[in-house]
Every structure is written in structure tokens, then in C-alpha cells.
Amino acid sequence: MAACTKRRRQLRRSLAIRDGKRCFYCEAPFADLADATIDHLIPQSVLPGWRQFNLVLACEPCNNRKGDTLPQVFLRQAAQLADRRAAVRRRTGRPAVARPRAARPALVAA
């Protein structure tokens, strides 16, 4: 087993003890820590390094959507999406259906 893999597994365990065994952004629980990705809360382009204070566990979809944005921007966009879906649910009584990827607008920093 590669040393890097062992270090990342240990890091995931440490982050799970600190923050819980769930995605930092959507709070989805991890059945297995191997499913968790390690995300830099403040992107490496802004704060380089692997210091534990800047790392969180994230599910792959959240980590990919967040990309290289600051957490405030990502969480604000996620909250706006949740508000729009809740409004559709209140109006129609049915859950909002996500549009196909090609029809989704790109997430950009405001």
C-alpha cells in the first residue's frame, strides 16, 4: 500500500472525528470513509498546503460543484437552489426536478 494512501486514510479518520462522518456541505452521511473526498475549504489557489484546519470531508458531487470557489460562494448558491426547489414544492406540491446538466446555468461567483 502506498504511503500516500495510508496518510489520506488517516487524515479522513481525523477529519471524521473532528467534524463527523458526513459531508461538510450537504451533511450526507458516509457509510464508509473511503467514499469521502478531502476538500480544501479555502481553495489551494488562495491558501496552498494541506493543513488540517483548511481540510474538510466532502461527498464527490459537492467537492466537484464547489471546485475552486470559496465556501461562502458555494454555500450561498446551494442555499438559493434549495430555496427555489422549496418554492416549487410549495406551489405544485411535487418535488422540483433537476434540469438536465446541459440546461443548467454555470455557477459563477457574484
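Residues that are within 22 Å of V73 (Cβ to Cβ) and either basic (K, R) or surrounded by fewer than 11 Cβ atoms within 10 Å (Cβ to Cβ) (or both) within segment 1-35 comprise R22, E27, listed in sequence order.
Take the conditions small (G, A, S) and either at pLDDT 85 or above or surrounded by 10 or more Cβ atoms within 10 Å (Cβ to Cβ) (or both) and apply them to A87. Does it pass? Spelling it out, A87 is indeed small (G, A, S) and either at pLDDT 85 or above or surrounded by 10 or more Cβ atoms within 10 Å (Cβ to Cβ) (or both).
To keep it simple, each residue is scored yes or no on (1) modelled with pLDDT of 95 or more; (2) within 13 Å of the chain's Cα centre (by Cα); (3) among the hydrophobic types (A, V, I, L, M, F, W, C).
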| site | (1), (2), (3) |
| --- | --- |
| A3 | no, no, yes |
| K6 | no, no, no |
| A16 | yes, no, yes |
| D19 | no, no, no |
| D32 | no, no, no |
| I42 | no, yes, yes |
| G49 | no, no, no |
| L57 | yes, yes, yes |
| T69 | no, yes, no |
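Every test in (1) of a type in the set (S, T, Y); (2) loosely packed, with under 12 Cβ neighbours inside 10 Å; (3) within 27 Å of A82 (Cα to Cα) is passed by S45 save one, and that test is (3). Against the condition assigned to a loop (DSSP other than H, G, I, E, B), assigned by TED's automatic domain parsing to the domain that holds C4 and either under 9 Å from the mean Cα position of the chain (by Cα) or surrounded by 11 or more Cβ atoms within 10 Å (Cβ to Cβ) (or both), how does I38 come out, does it pass? Against the criterion (assigned to a loop (DSSP other than H, G, I, E, B), assigned by TED's automatic domain parsing to the domain that holds C4 and either under 9 Å from the mean Cα position of the chain (by Cα) or surrounded by 11 or more Cβ atoms within 10 Å (Cβ to Cβ) (or both)), I38 does not qualify.
The values are calculated or read from the model by the stated rules, or taken from the named source; none is laboratory data. Computed from a prediction, not measured in an experiment: that's the story for all the values here. Here the Cβ is made from the backbone with ideal geometry for all residues, glycine too, and neighbour counts use every protein chain on show.
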